[in-house]
């Protein structure tokens, strides 16, 4: 299947009434493990998790070449469409997306980092134009606003208003989906869906957010798990070590996966 066809499939999964859930991956074996679970329809990377795997802190410290090489390995581990978390674009978002498409990526998260709105919207437009020029017009840009992430000390209503304004600007600039990472209330999700339209909002599955079933009812397009999936895996590893220190061993529920 061509990159263009995989992107079209991924876009359709976002726009379908059924909620798209993605448990984010960080290397080839995590990608294969998640992809092999029945019901998995698409994969998404977590930049924080990839950086941690390769020994870097989060926040665009990892060289873009290393990030994209891991994206390539993940793409090669599955036949499913893969979206990549590309942080803020590593200095040139349009070129980074062009290079990501070159390794098989057909969607991406892109942080606005609360840049001036006109600049952030222009970046979205440039990314979508670059994707179209690479033959992938349905590239699924999950345009992220950091309004909540960077606005923790501000009035919550003002932060929500910023998220609405910025998300609408990103949609107008060509992004098909807007990502608002935060512990959102049901009322805030309703406000965002009303502003963006149904199947245009991505949320993150932080404990305390409404259930997946309820978010589907509210018209959310996608729920991601970001670095939480790696944290779950590492928690299981620590729990194994703790059990070994107590004189035990591997749990009977362990599966042979590779």
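The values are calculated or read from the model by the stated rules, or taken from the named source; none is laboratory data. This is a predicted model, so every value here is computed, not measured. Heads up, the Cβs are rebuilt from the backbone with ideal geometry, glycines too, and the neighbour counts pull from every protein chain shown.
Quick check: is even one residue across the range 49-67 buried (at least 17 other Cβ atoms within 10 Å of the Cβ), within 18 Å of the chain's Cα centre (by Cα), in a loop (DSSP other than H, G, I, E, B) and touching a residue at least 60 places away in the same chain (Cβ under 8 Å)?
No, the range 49-67 has no match at all.
Only residues that are assigned to a loop (DSSP other than H, G, I, E, B) and farther than 14 Å from residue 175 by Cα: list them for the range 90-122, please. It would help to see each step written out before you state the result.
Residues of the range 90-122 that are assigned to a loop (DSSP other than H, G, I, E, B), as a first pass: 90-92, 103-106, 112-116.
Residues satisfying the conditions are 90, 91, 92, 103, 104, 105, 113, 114, 115, 116.
Do you know which residues across the range 131-146 are crowded, with 21+ Cβ neighbours inside 10 Å and either part of a helix (DSSP H, G or I) or at pLDDT below 95 (or both)?
131
Listed here are the residues, each with its yes/no results for (1) within 18 Å of residue 214 (Cβ to Cβ); (2) surrounded by fewer than 21 Cβ atoms within 10 Å (Cβ to Cβ); (3) in contact (Cβ under 8 Å) with a residue 40 or more places away in the chain; (4) in contact with a helix residue (DSSP H, G or I) (Cβ under 6 Å, 6 or more places away or on another chain).
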{"residue": "158", "(1), (2), (3), (4)": "no, yes, no, no"}
{"residue": "161", "(1), (2), (3), (4)": "no, yes, no, no"}
{"residue": "164", "(1), (2), (3), (4)": "no, yes, no, yes"}
{"residue": "167", "(1), (2), (3), (4)": "no, no, no, yes"}
{"residue": "170", "(1), (2), (3), (4)": "no, no, yes, yes"}
{"residue": "180", "(1), (2), (3), (4)": "yes, no, no, yes"}
{"residue": "184", "(1), (2), (3), (4)": "yes, no, no, no"}
{"residue": "194", "(1), (2), (3), (4)": "yes, yes, no, no"}
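Among the candidates 125, 87, which residue alone is assigned to a loop (DSSP other than H, G, I, E, B), surrounded by 15 or more Cβ atoms within 10 Å (Cβ to Cβ) and at pLDDT 95 or above?
Details: 125 fails: assigned to a loop (DSSP other than H, G, I, E, B).
Of the residues listed, the single one that is assigned to a loop (DSSP other than H, G, I, E, B), surrounded by 15 or more Cβ atoms within 10 Å (Cβ to Cβ) and at pLDDT 95 or above is 87.
Those residues that are modelled with pLDDT of 95 or more, within 24 Å of residue 228 (Cα to Cα) and not in a helix (DSSP H, G or I), I need them from the range 152-190; list them, please.
177, 178, 179, 180, 181, 182, 183, 184, 185
Only one residue in 5, 52, 35 is under 23 Å from residue 98 (Cβ atoms) and at pLDDT 95 or above, so which one is that?
Among 5, 52, 35, only 5 is under 23 Å from residue 98 (Cβ atoms) and at pLDDT 95 or above.
Residue by residue through the range 10-32, note down the ones that are surrounded by 18 or more Cβ atoms within 10 Å (Cβ to Cβ) and in a helix (DSSP H, G or I).
10, 11, 13, 14, 30, 31
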